[in-house]
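These notes are about the structure you will find just below.
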Amino acid sequence: MKKTILFVLTAVLLGTMFNGCKNKQEAAADDVLYSNYKPYTRWWWFSQEIDTNDVRNQLIWLKEHEFGGVEIAWIYPMFLDSARAHTDFLSEEWAVPVRVAKRVADSLGLGCDYTYGTMWPFSDVELPDGDQTRNYFDSIEIAERPLTWDHPRMARILNHLDHEAFARYAARMNKGLADAYKGRKSGLFVDSWEVETDYLWTRGFDKTFKAEHGYDITPYIKNKTVYDTANADIYYDYMHTLSGYVMREFYGPFADNAKAMGAFSRAQCGGAPTDLLTAFTMVDIPETEAILYEPSFSKITASAAALGGKDAVTAETFTCAYGWTGLRYKNGHGHSPHQGKEQIADLKLICDAIFANGTNQIIWHGFPYNKVGDTSNFFYTTCQLSTSELCNLSGTALTEFNRYMSIVSQYMRKGKNYSTMAVYMPLEDSWMERRYPDWVYEQMKWVGGKYEMRYINTPSQLKGMQPLWVNEHFLASATYNNDTLHCGEASFRALYSDVEYMEMGALRSILALAKQGLPVVMAREPKEPGRNKHAEYSDLVAELMALKNVSNDPTATAVKQTIKPLIEGDNLPDFWVREEGDTYYVFVANPMTQTIQYPLDYCYAFTDKGSTRDITINHHGRSQQWTLKFKPMESLLLQIDKDGVKQINLGFTPKKMPGFVE
């Protein structure tokens, strides 16, 4: 105990000295989030006594292996062993190792973020009665959460539709993290939405709904007919109101609270029953997830970052790469498939796929708290980073992989996102259609419905223009002048829409912009969603379609003839472009990344034999032919400027590791 106290005092002193010596350059770096570009890792703190010496040693190990920081996540006791000694969550004793972790991380130049609670969604054994999530029928079960730091005590899941409930929850969290907020700026993190959404309800929902839509939703909820196919318009209106609650009562307060604490907000809005694109812009750092979400899902977070003027786009990466094994499998021994023998070549396919869809900062999933060299603790859905070189994700191979990801991240943070084509996001379609095909639910039983937008992608025929998503919210304040569409903090040359349903507000905005001269492609004439229809809707559609600068050609040929795509070619690989001044940086993912799917076949990367693609690059007033030559498992980075095109050597080829079978 004396050694622990001495170490705490030493760490605090070191942290104070470090903060006191920070020069102006380092202070400015705090405002550029994830400024070292190195991968972070989620750091699983299992419910047990946390030794501060182990905390220090693990952070040193992470620093030596080219990590940029950690996100501490407090979870259940290993093997759900309720007899394992631990401090009470958010108690003064609990806060000691957290404080030490922050001070040591600061002294090492590592970032230190926090999952804003124990497990996810936000839950607490001390949550007051009435602050828990609920559905219309007040089912108690949907609010219960036994797997937390305080296991086996039963926690309650927070009501995410009540900002006052969130404020009470946040007050308790902020008190526990008070010292951990000190020093360099930390991020507060909320994971993907894992709250039951069927018949989701809160006090006053019925009154808000009636004010917004003019009729009573409760009969449809009470009779459980709101989800009937025949009531698609009713379900749409329900989702419209629910979406507003999610953003107004949760994501907004979450971001505001982080700012008030001197921290920043990072969120996976994936799975939330809301307008995802707008919700992602409400937090400081939008975060995607792979490969439980398709790589193309990253375009939603990247588009939000562009519209909201945010630099970093993070990704929880490598979760369940080879599939999923339940926590309770073999009495809590729920190892992920191939855990400890993961192939970095396979993981590189995943990170390259999301780099080519707009991600530019990797968050490993993840690193279990252990003594250095020990492998006793493990998380059941993760690719396990380990201080033991008996595991594949350790040692030199891991360090080289992290360096590679850091280099790509740095290039993909230069300047701003390039795009010449805005694409209207099919949010209304997802709310009207509701359900995915049955195979989706068979493969991933936790999926809620089409509102999750897991499988949408921008049109392939527009790929060379690097299209980004836009929506009604941002089009409402968009302007068009000097041949440029200004939408949020992003700019485009044209707009493309291929949706079945479109809100009246969006239609009016597009019509107004088209009248100002914006080139618009309406691949389909949309219909109005929701129960209440506007009599003039079809007239506005006809007026829009009659404009000379509006086309119904789904290939957008006329637009592409006047606004040349940056890159043209057959069977284009996925790529992402950053624009810095008159220079473009293009990360082109290995074509194999377009074939990955959940779950990934073990050693799949080694089936790549290499490939080539002939492309045309239209830049600086000329067209240049170029051949993309992919060696096996290689992705490419191009620099395009007025002098021409050159390839930047990324200098990394993953090796076959233990566990590989020819």
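None of the figures in this text is laboratory data; all of them are computed from the coordinates on show. Bear in mind the structure is a predicted one, so any value in this text is a computation, not a measurement. In this analysis, Cβ positions are derived from the backbone assuming ideal geometry, glycine residues included, and neighbour counts consider all displayed protein chains.
Tabulated data for the structure shown
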{"item": "Whole-Hz couplings from phi, Karplus 6.51/-1.76/1.60, listed for the stretch 273-280; x for Gly and Pro", "result": "x, 7, 6, 4, 4, 5, 4, 4"}
{"item": "Largest-first principal axis extents, alpha carbons of the chain, Å", "result": "80, 64, 53"}
{"item": "Sorted by Cβ neighbour density within 10 Å, fewest at the top, the residues R524, R622", "result": "R622, R524"}
{"item": "Under the Karplus curve 6.51 cos²θ - 1.76 cosθ + 1.60, θ = phi - 60°, whole-Hz ³J(HN,Hα) for the stretch 190-206, x wherever Gly or Pro sits", "result": "10, 6, 4, 5, 10, 10, 4, 10, 5, 6, 4, 8, 7, 4, x, 4, 5"}
{"item": "Cα lying deepest toward the dipole's positive end in the chain, options I648, M592, M412, charges on Cβ", "result": "I648"}
{"item": "Charged-residue dipole, Cβ positions (Lys, Arg, Asp, Glu), the chain about Cα centre, Debye nearest 20", "result": "1500"}
{"item": "Karplus (6.51, -1.76, 1.60) ³J(HN,Hα), θ = phi - 60°, over the stretch 226-236, in Hz, Gly and Pro reported as x", "result": "5, 8, 5, 4, 5, 10, 4, 5, 5, 4, 4"}
{"item": "Chain lengthening between K210 and I648 when straightened (0.36 nm per residue, less Cα-Cα)", "result": "151.9 nm"}
{"item": "Average Cα contact separation per residue, the chain, under 8 Å, 6 or more apart, as relative contact order %", "result": "12"}
{"item": "At 0.890 mPa s and 25 °C, Stokes diffusion of the stretch 223-361 via Kirkwood alpha-carbon radius, µm² per second", "result": "143"}
{"item": "Positive-end extreme of charge dipole, the stretch 419-562 - chosen from G464, S509, A494 (charges on Cβ)", "result": "G464"}
{"item": "The stretch 567-648 - convex hull of the alpha-carbon atoms, volume per residue in Å³", "result": "93"}
{"item": "Dipole magnitude (debye, nearest 20) for the stretch 500-600, charges at Cβ of Lys, Arg, Asp, Glu", "result": "240"}
{"item": "When each of K210/K527; K560/K655; K259/K299; K210/K310; K515/K646 is checked by Cα-Cα distance, pairs over 30 Å", "result": "K560/K655; K210/K310; K515/K646"}
{"item": "Cβ-derived FRET efficiency at R0 35 Å, M545 paired with S623, nearest 0.05", "result": "0.60"}
{"item": "Cα-Cα separations in the stretch 435-551 greater than 17 Å, expressed as whole percent", "result": "62"}
{"item": "About the Cα centre, charge dipole magnitude for the stretch 567-648 (Lys/Arg +1, Asp/Glu -1 at Cβ), debye", "result": "220"}
{"item": "Long-range tail of P(r) for the stretch 505-558 (Cα pairs > 16 Å, %)", "result": "39"}
